[in-house]
Amino acid sequence: MPRPRLALLLLAALAFGAHALAQTTQLTMWVRTPETVDLLGTSIERFHEANPDVRVRIVTFAADAYPGALQAAISGGDLPDMFQVHNSVPVPRLVSLGLIQSLEPHFSEGFRDRFDPATWWEGSTTVGGEIYAWPDRSFRRASLFLYYNRDVMRAAGLDPDAPPVTWDAFVDQANTVTEAGNGRVYGLHLGFTSGWFNERVILQLATTAADAHGVPAEHLPGRMVNWTTGELFDPSGIQEAIGFFAELMSSDAVHPDFLNTGRSQATAQWAAGQAAFLFDGSWRLQELLRTEPDLDFGIAMLPSRDGGPVLWGVEGGSQNAFAVATRSPNAAAAARLFEWLSDDYYPLLIEGAVDLTPIPELNARDELYTSDAFRELVRLTELGTVVLPSPVMENADQLETVVRLAGKTASRPFGESMQGFLADGAFDVSGFLASYGGQQNAFLAEALAEASADGAGVDESDWVFPGWEPTVNHY
Amino acid sequence: MRLRTLLRQLPVQVVLAVVALIWIYPFIWMVSSSFKTNREFLSRGLELLPEQFRTENYVRAWEVANFSQYFQNSVIVTVSTVVIVVVISALTGYALARVQFPGKRPLIVLYAATLFIPKGYTIIPVYQLIRELGLLNTLPGLILAEAGAAPVLFALLFMAHFSGIPKELDEAAELDGATFGQTFIHVMLPLAKPMIATTVVLQFMWTWNSFFTPLVLTLNNPDLRTLTVGLYAFVGEYNTDWTGLTAAALISIVPVLVLFLALQRYFIAGLTGSVKS
Amino acid sequence: MVPQLILVTAFTLYPIVMTHVYSLFEWPGFGPLDRFVGLRNYTRILADELFWNAFQKSFIFMAGTVALQLPLALLIAILLNSERLYGRNVYRTLFFIPVVTTSAVIGIVMRSIFASHDGLVNNGLQLLGLIDRPIRWLAQGDTAMIALILVASWKWLGIKMIMWLAGLQSLPVELYDAAKVDGASFWQTFRHITVPLLVPVGVVVLLFSMVDALTAFDLIFTMTEGGPGFATEFMELYIYRYAFTSFAGGLPQLGYASAAGVFFGVTVFLISLVLSLLARRASQVRR
């Protein structure tokens, strides 16, 4: 009679399972950045070995689907224990809605002191001075670089170790490559298809053009103002940057599909020798090292108008930080995991050539670096990113202004407009820039008025930094 | 005799063959890409024959994307959805065609109106509803949402179909002492076979390819994701795996294609019935 | 009937009703629904030139795909309707294959096929001597729209072909025999018997084509992302941009997106209502 024995076995298994369950803390973690999923997974495996009482399950998302997933989970009260924040649902909002909890009580003494101080940034990782989100990498990140294919440069008779530094030199070299390529090879390639990316390309080039006092911030991209006066950003820089592209296009020196090729495909075409130069984010490097091990390429700053360094204004904090939902009873275990990851996963970021860590002492450890290209990328990143002034760091009440500002968006998005202009030029750039900038200033005035009407002690003066030097970190 | 017909058809056959070849060229291209390496795909993309036939893209798609699990989920969700939709829209269509009740016309117009409202972003109410039912992160919840969003169009087509069947048939059945339900099952459904085939194929295709609903309704249980959700792991900022994507896409097409071939005869006849009226 | 009513009410009507509700609020898609703004979202929509751009582009796209698919599908259906045609089932299947192929993948494949550099379409046209220089299909607004219309028509034509086939097979054989006896030519038969009898089928095909054109998000998103500029930003993409993305660093605006969806949906419905009334009028006149 096998039946009863089977039933007994099942019962025993159930009892054992229940027992095991009672002892284990289950944590779910949402990740939307594919470049770190494997590293997190590796580190979490090791965490499991050291902490058998905790089990972490990673759930991954396609980046495009994440904001919708987040909206649904919030509306259904179904947020997971840990999730990566997204700027469509900013941290201060999450806090004011009571959706995420402070991690301050759970971190051990002195934990925060090991980080670069600007990691703890009001409105991003901290609110009211308390830590609400753990950064998955440094805030010094994600600027754009020039990748150059040495083989293609050699074939065109260029010095493969002297990539162009100024716009003029860039145009010259791009034309040389294009002429030598005989319709098969072009000077420049980039995937100019998504609004946010197009915006970065144009703005980062523009910062080198005219009035450098308008180094734009990525957290407040609409705030194209002169930070020393609070006045409208001088649009001539943007026009010059567009002119730079127009010049390349006029001599066919830019890949003919750059307006209709996704970034990953543009990278692959560049790597396959269809172009000498590629503009893409720092995040592309690790993928290139992985998928194109034999490619002879280098990395440099984007060309600047006159050869100076290309600066990129950043705020502190983190754009991809992990927060812990209020409804999760496992904040202590989550904090334990974050501390583990800070020791065990951050070094992997450097070893895997993915990104900088928020702990300067780690970034300085030369033995962690496995590739020269990544060492160069880190050097350029530290050179080029400047920490911008922040109204919220001056006056915590300005958080109210920032939150309200986020609800207001220009009717014509910047990046798509740039693409449209390069596509058929049937578009008045200076008119667009004037109205775009005007809208931004009007939005700030509205947001300030709404915030003070709701009792926040804010005024315009916090948004102006008279003594600010764009080349110097503000904090 | 056969030869003569063939010869007479020759011009038409040639034209059709050429057009059909051009027609499915992108598809053939996809098939050939799925046997190439990514580098080959980019540098020698226009050549149809790969240097050598590699099956590793299929292996990768199947394993990396957890396809076997996803495949199973897709089958369960799609088959259940199709069954529910067929039963319910057939019943509704029959009722709309046969039963007179006040407000029938406005109801039909209202039904038709729902077809045109863009629905890509209406996920939040659906999500909240499924949560209230306690069915979040379960396959039944997903099936319910998929089936609930669909049947309007088919109900209308069934209605058109049943209106075209002479009333005398029902009356004869009723004279024989059959109930409303019995008449429906024994007389009407067999007549609606082709219409059913139509619904099966179209609904199968839609549910099989649905992306956002399955993603959002299984947020906290990724083991329940469907094939199409898995497929999107190959589309994105960091992905350069086009050949993996084509392989994955081909895997996901096969079931729909098989179903179409199996039901093709009914499928055509099905629409015949519905549009005749 | 009752289960259907419950299902439809819960999963089709309820979300649509909620969309109307959201459209009266300033709401990012999460948090409390507490900033009632009345009709302000609607007035903002009416004043936004990009909304009207999307509105117009959606209709051009719809008109283009309908105008291309309907006659072409009918032509193919007539050819494949002949019972003596060898391999007609094979042909039917071949024409149906694009219908079942995943849109997102088609978008990516078509990007390569319509590429300016070494694209299949350009190479073919150059081979035939029709153009000297490659056309930058997807890098210019007008040609990008044409490419999208071609691809979408190609993808969905199989369904329309099947519908036409069904319509053709429902035609009464006796009428054709009578026409033959009267000595009518093929063209006369087509003009005076086939076309009028096919009008009701045509209405169904038309409706399906319109619905298809309105739900082509995946294809457009992977093929052009709405670009260049806003040249192919159809209503679905416009709504998506406001509902789920944080463009320009701002919050999503689900309330605003809902208003756009409602306004657009109602317009399309009214148009199709007028169309179907006209079709009914036409078929009544015939009788």
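The values are calculated or read from the model by the stated rules, or taken from the named source; none is laboratory data. Keep in mind the model is a prediction, meaning the values are calculated, not measured. Note that we place each Cβ from the backbone using ideal geometry, even for glycine, and neighbour counts take in every protein chain shown.
Some points to look at:
- Check on A:Asp161, among the acidic types (Asp, Glu) and in contact with a Lys or Arg (Cβ under 8 Å, 6 or more places away or on another chain): yes
- Boolean, A:Ser417 is farther than 17 Å from A:Trp120 by Cα, free of Cβ contacts under 8 Å to residues at least 40 places away in the same chain, crowded, with 21+ Cβ neighbours inside 10 Å and among the polar types (S, T, N, Q): yes
- Residue that is surrounded by the most Cβ atoms within 10 Å (Cβ to Cβ), among those in region C:156-194 that are touching a helix residue (DSSP H, G or I) at 6+ places or on another chain (Cβ under 6 Å) and assigned to a loop (DSSP other than H, G, I, E, B): C:Ser170
- Number of positions in region C:214-228 that are within 10 Å of chain A (Cβ to nearest Cβ) and surrounded by fewer than 24 Cβ atoms within 10 Å (Cβ to Cβ): 3
- Residues of region B:176-227 satisfying the condition of being in a loop (DSSP other than H, G, I, E, B) and without any contact (Cβ under 8 Å) to a residue 24 or more places away in the chain: B:Asp176, B:Gly177, B:Ala178, B:Thr179, B:Phe211
- Counting the residues of region B:94-112 that are surrounded by fewer than 19 Cβ atoms within 10 Å (Cβ to Cβ) and at the interface with chain C (Cβ under 10 Å from one of its Cβ atoms) gives 6.
- Hey, C:Asp118 in a loop (DSSP other than H, G, I, E, B) and at pLDDT 80 or above or not: yes
- Among the criteria (1) assigned to a helix (DSSP H, G or I); (2) more than 14 Å from chain A (Cβ to nearest Cβ), the one C:Leu85 does not fulfil is (1).
- Selection status of B:Ala173, in contact with a Ser or Thr (Cβ under 7 Å, 6 or more places away or on another chain), assigned to a helix (DSSP H, G or I) and free of Cβ contacts under 8 Å to residues at least 60 places away in the same chain: yes
- Here A:Pro358 meets the list (1) away from chain C (no Cβ under 14 Å); (2) of a type outside the set (D, E, K, R); (3) more than 30 Å from A:Leu285 (Cβ to Cβ) almost entirely, failing just condition (3).
- If you go through region B:56-87 and pick out every residue that is modelled with pLDDT of 85 or more and either within 25 Å of B:Thr218 (Cα to Cα) or over 22 Å from the mean Cα position of the chain (by Cα) (or both), you end up with 22.
- When the residues of region A:4-50 are filtered to those that are crowded, with 16+ Cβ neighbours inside 10 Å and over 23 Å from A:Thr357 (Cα atoms), the one that is modelled with the lowest pLDDT is A:Thr25.
- Any hit, region A:148-160, residues being buried (at least 22 other Cβ atoms within 10 Å of the Cβ), touching a helix residue (DSSP H, G or I) at 6+ places or on another chain (Cβ under 8 Å), assigned to a strand (DSSP E or B) and at pLDDT 95 or above: yes
- The residues of region C:61-107 that are among the polar types (S, T, N, Q) and either modelled with pLDDT of 85 or more or under 27 Å from B:Phe234 (Cβ atoms) (or both), listed by number, are C:Thr65, C:Gln69, C:Thr93, C:Thr101, C:Thr102, C:Ser103.
Yes/no per residue for (1) within 9 Å of chain C (Cβ to nearest Cβ); (2) within 30 Å of B:Val229 (Cα to Cα); (3) not β-branched (Val, Ile, Thr):
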| residue | (1), (2), (3) |
| --- | --- |
| A:Leu70 | yes, yes, yes |
| A:Ser96 | yes, no, yes |
| A:Leu99 | yes, yes, yes |
| A:Leu103 | no, no, yes |
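- Filter pass, A:Ala410 being facing chain C (nearest Cβ under 10 Å) and surrounded by 21 or more Cβ atoms within 10 Å (Cβ to Cβ): no
- Selection within region A:44-89 - in contact with a Ser or Thr (Cβ under 9 Å, 6 or more places away or on another chain), assigned to a helix (DSSP H, G or I) and among the acidic types (Asp, Glu): A:Asp64
- Residue identified as more than 19 Å from the chain's Cα centre (by Cα), surrounded by fewer than 18 Cβ atoms within 10 Å (Cβ to Cβ), modelled with pLDDT under 80 and more than 14 Å from chain A (Cβ to nearest Cβ) among C:Ser283, C:Ser276: C:Ser283
- Unique match (being among the charged types (D, E, K, R), within 30 Å of C:Ala260 (Cβ to Cβ) and touching a helix residue (DSSP H, G or I) at 6+ places or on another chain (Cβ under 8 Å)) among B:Lys119, B:Lys36: B:Lys119
- Pick from region A:364-397, criterion of a type in the set (Ser, Thr, Tyr) and free of Cβ contacts under 8 Å to residues at least 60 places away in the same chain, ranking: surrounded by the most Cβ atoms within 10 Å (Cβ to Cβ): A:Tyr369
- Filter result for B:Pro255 (of a type outside the set (A, V, I, L, M), part of a helix (DSSP H, G or I) and modelled with pLDDT under 80): no
- Among (1) within 21 Å of the chain's Cα centre (by Cα); (2) within 7 Å of another protein chain (Cβ to nearest Cβ); (3) more than 24 Å from B:Gly244 (Cβ to Cβ), the one test that C:Thr101 misses: (3)
- For A:Ser88, the criteria (1) buried (at least 19 other Cβ atoms within 10 Å of the Cβ); (2) under 19 Å from B:Asn220 (Cβ atoms); (3) hydroxyl-bearing (Ser, Thr, Tyr) hold in every case but one, which is (2).
- Qualifying residues in region C:14-23 (those that are surrounded by 19 or more Cβ atoms within 10 Å (Cβ to Cβ) and more than 7 Å from chain B (Cβ to nearest Cβ)) - the one nearest to A:Leu70 (Cα to Cα): C:Tyr22
- Selection status of A:Val429, surrounded by fewer than 17 Cβ atoms within 10 Å (Cβ to Cβ) and at pLDDT below 90: yes
- Test: residue in region C:108-116 that is touching a Gly at 6+ places or on another chain (Cβ under 7 Å) and within 14 Å of chain A (Cβ to nearest Cβ): yes
- Failed item, numbered, when A:Glu199 is tested on (1) of a type in the set (Asp, Glu); (2) crowded, with 22+ Cβ neighbours inside 10 Å; (3) at pLDDT below 85: (3)
- Residue that is nearest to the chain's Cα centre (by Cα) [pool: residues in region B:105-147 that are of a type in the set (A, V, I, L, M) and not in a helix (DSSP H, G or I)]: B:Leu115
- Candidate set from region A:167-186 (those that are within 13 Å of chain C (Cβ to nearest Cβ) and not hydrophobic (A, V, I, L, M, F, W, C)); member that is farthest from the chain's Cα centre (by Cα): A:Asn182
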